[in-house]
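Participant: The structure that follows is given in the form of structure tokens.
The values are calculated or read from the model by the stated rules, or taken from the named source; none is laboratory data. All figures in this text were calculated on a predicted structure; none of them were measured in a lab. Cβ atoms come from the backbone with ideal geometry, glycine included; neighbour counts cover every protein chain shown. SASA here: full protein model, heavy atoms, side chains in, ligands and nucleic acids out. Shrake-Rupley method; radii C 1.70, N 1.55, O 1.52, S 1.80 Å.
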Amino acid sequence: MIDLEVGPVAHGGSCVARSGGRVVFVRHALPGERVRARVTDRSHDRYWRADAVEIIEPSPDRVEAPCPHAGPPRPAAPAEATRPGAPGGAQGERGRTPLGQGGCGGCDWQHASPAAQRRLKAEVVVEALRHQGGLAAHVAHDGGKGDERGVAMGTSGLAVTVEPVPAPGGEADDVAAGGPARQVGQGGRARQGDRAVAPPAGEGLGWRSRMRFAVTADGEVGLRMHRSHQVVATPDCRIAHPLVVDAVAGRRFPGAEAVEVAASVSSGRVAVRPTGGTSRDVGRAAHGGGLVERVLGREFRVDASAFWQIHPAAARTLVGAVLAALEPRPGERALDLYAGAGLFAAFLAEAVGPDGEVIAMESDAAAVASATRSLADLPWVSVRPVRVTAATVRHCVGGGARPADGPGGGGGGIDVAVLDPPRTGAGTDVLTALLALRPRAVAYVACDPVALGRDLAAAAAAGYQVDGVRAFDLFPMTAHIECVARLVPMP
Ligand SMILES: C[S@@+](CC[C@H](N)C(=O)[O-])C[C@H]1O[C@@H](n2cnc3c(N)ncnc32)[C@H](O)[C@@H]1O
């Protein structure tokens with residue numbers, strides 16, 4: 001055990017402290033706290049990892065975690081400690097950890113108030129924009145309302161704020177009228193009904209519409225402990241949408257290594273897919289290949305294995321941010337890189353109209369099939385089943401900058417582009433190839449601010465500047481954050 005004065009938050013959700021000249025990344029702490037911590041990893045020369053097990057001086061931002069599985073693993077009761085899989089007891093590869101003992105590796109910040117979580121995320125984004133992106137950025141202290149596009153950019157650089165999103169079941173949910181939606185009951189469980197999904201109790205809970213549960217050797221579902229194969233055996237994940245919890249509660253999946261659950265909150269349908277081990281992958285066959293997702297009046301038929309935004313408010317929030325950043329006009333040519341099931345391509349297509357064109361590039365076959373199916377009413381969208389690389393971007397778009405004679409000119413190049421790459425980012429080559437097409441505006445949607453910062457540095461080298469970054473709290477209780485950066489050519 002070591003006593004630590006906790007410093008600023010780091011990328012990934014731990015905070016930075018020092019002990020004997022060494023950096024210690026400490027989990028379950030908050031900046032400004034004094035804590036007693038158990039060292040959990042001494043394997044690195046330059047830093048240790050630790051877990052705050054006792055809070056000596058708490059931060060005013062600290063709250064009681066709403067989930068009993070959150071926080072550091074707590075010592076088991078004597079009877080439990082002798083069981084195989086209990087912390088400190090005999091542990092198999094996929095051993096089981098007693099319930100109600102903390103230790104779940106899923107959430108980083110259940111112990112911080114929602115407002116404090118957003119402030120910490122803003123600090124992480126600012127740090128990444130400064131260090132990886134070389135940009136002047138700071139946390140907005142005025143709430144950072146920004147201009148009419150929601151973008152905050154002043155003389156002192158980028159002002160970053162993290163915007164909350166509506167809770168699941170809020171009035172803005174895209175739920176089918178009279179559809180087979182389920183309603184959340186008092187106990188946090190869904191029940192069949194003919195009304196829309198009601199909000200779960202507690203901000204930041206009940207939002208995860210897609211989950212990968214671990215499975216114990218006995219077939220129980222659960223959640224992995226932090227950096228461990230140990231499983232906290234329970235379906236009771238408080239950030240999971242009740243449709244998801246309901247789909248696995250009371251069930252066993254013998255022989256499976258994991259269970260993937262995808263719920264369409266807008267239609268109430270759920271797909272359950274045991275994977276790995278000796279389980280049969282029954283997902284697609286059992287569910288006819290598709291969930292219906294409704295966003296701003298459009299329907300997407302999405303294969304359960306294809307990417308879809310996880311928070312029920314994410315799709316419409318990000319579509320709004322991307323359209324505000326690009327302001328696509330009728331007749332323009334737009335590019336959607338890493339298009340998934342065609343979410344952004346669909347709304348770009350509606351904006352540019354039949355005199356315009358949208359090219360959507362995506363490598364996953366299930367996502368390509370979902371996009372092709374969902375965008376069939378927009379024949380000026382072409383979905384290209386390709387890996388995004390510098391060469392495929394040039395090949396698909398046709399090279400050359402957009403002619404100066406305005407929208408619908410019919411030459412190579414593009415007018416506007418959105419890219420939403422996986423966590424690793426797009427990389428310098430792809431970004432350089434994209435920006436060589438001289439779009440008048442680019443919306444970069446990023447789930448990792450460090451990768452975003454790196455790519456924004458590459459954009460600067462290619463003659464583009466960042467004129468705003470918005471950040472959205474689409475993953476409450478975790479350290480994850482979604483950003484949308486707008487890029488325009490340097491004057
Ligand atoms: C973060 S998701 C975004 C999907 C979509 N924009 C949305 O919001 O629903 C990233 C997508 O990129 C795809 N992908 C990952 N690497 C890729 C690559 N090198 N080329 C093309 N697509 C890729 C994944 O299959 C996934 O659908």
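Participant: Can you give me the long-range amide H partners of Ile414? Hydrogens built in the peptide plane at 1.01 Å from N, cutoff under 5 Å, separation of 5 or more residues or another chain.
Facilitator: Hits under the 5 Å cutoff: Arg402.
Participant: Moving to a separate point now. Given that compact globular proteins tend to follow 2.2 N^0.38 Å, what is the ratio of the alpha-carbon Rg of the range 1-61 to that value?
Facilitator: Compactness ratio reported: 0.98.
Participant: Let me understand the range 413-479 better: what is its radius of gyration from the alpha carbons, and its Dmax, in angstrom?
Facilitator: 12.3, 41
Participant: Show me, for the range 470-479, the HN-Hα J-couplings you get by feeding each phi into the Karplus relation (A = 6.51, B = -1.76, C = 1.60, θ = phi - 60°), rounded to Hz, glycine and proline as x.
Facilitator: Result, rounded to whole Hz: 10, 10, 10, 8, 8, 9, x, 6, 10, 7.
Participant: Continuing with this model, one more query. What residues have an amide H closer than 5 Å to that of Ala137, excluding those fewer than 5 places away on the same chain, when H is modeled at 1.01 Å from N in the peptide plane?
Facilitator: Sorted by chain and number, the residues that satisfy this are Leu158.
Participant: Further question: Could you compute the FRET efficiency for Glu5 and Asp355, with r as their C-beta to C-beta distance and R0 at 51 Å, rounded to 0.05?
Facilitator: Numbers: r = 62 Å, r/R0 = 1.22.
Taking R0 as 51 Å, the efficiency between Glu5 and Asp355 is 0.25.
Participant: Give me, ordered by chain and number, the residues 5 or more places off Ala441 or on other chains with an amide H under 5 Å from its own placed amide H.
Facilitator: Those qualifying (amide H under 5 Å, at least 5 residues apart or on another chain) are Ala417.
Participant: Still on this structure, I have one more. Could you tell me the distance between the Cα centroids of the range 300-350 and the range 467-483, to the nearest Å?
Facilitator: What the calculation gives is 17 Å, centre to centre.
Participant: In percent, how large is the relative contact order of the range 1-61, given Cα pairs closer than 8 Å and 6 or more residues apart?
Facilitator: It rounds to 32 percent for the range 1-61.
Participant: Output wanted: per-residue J couplings in Hz (rounded whole) for the range 336-342, from phi through Karplus 6.51 cos²θ - 1.76 cosθ + 1.60, θ = phi - 60°, x for Gly and Pro.
Facilitator: Along the range 336-342, the couplings run 10, 8, 6, 7, x, 7, x Hz.
Participant: Would you work out what percent of the accessible area of the range 1-61, with all protein chains in place, is carbon or sulfur (probe 1.4 Å)?
Facilitator: 46 percent
Participant: Starting from the 7 Å offset along Cα-to-Cβ, what nm value, one decimal, do you get for the label separation of Arg227 and Ala461?
Facilitator: In this crude spin-label approximation the distance works out to 3.2 nm.
Participant: Another question, if that's okay. Report the extension gain between Ser363 and Arg42 in nm, rounded to one decimal, defined as 0.36 nm multiplied by the number of residues separating them, less their alpha carbon distance. Walk me through the intermediate numbers first.
Facilitator: On the way: separation 321, 0.36 × 321 = 115.56 nm, distance 3.96 nm.
This chain segment gains 111.6 nm when fully extended.
Participant: Karplus couplings for the range 385-394 from phi (6.51 cos²θ - 1.76 cosθ + 1.60, θ = phi - 60°), rounded to Hz, Gly and Pro as x?
Facilitator: After applying 6.51 cos²θ - 1.76 cosθ + 1.60, I find x, 9, 6, 6, 9, 4, 5, 6, 4, 4 Hz.
Participant: Per the 1.4 Å probe, what fraction of the accessible area of the range 343-491, in percent, lies on carbon and sulfur atoms? The partial results should precede the final answer.
Facilitator: Numbers: 2890 of 5160 Å².
Using a 1.4 Å probe with all protein chains present, the range 343-491 comes out at 56 percent carbon and sulfur.
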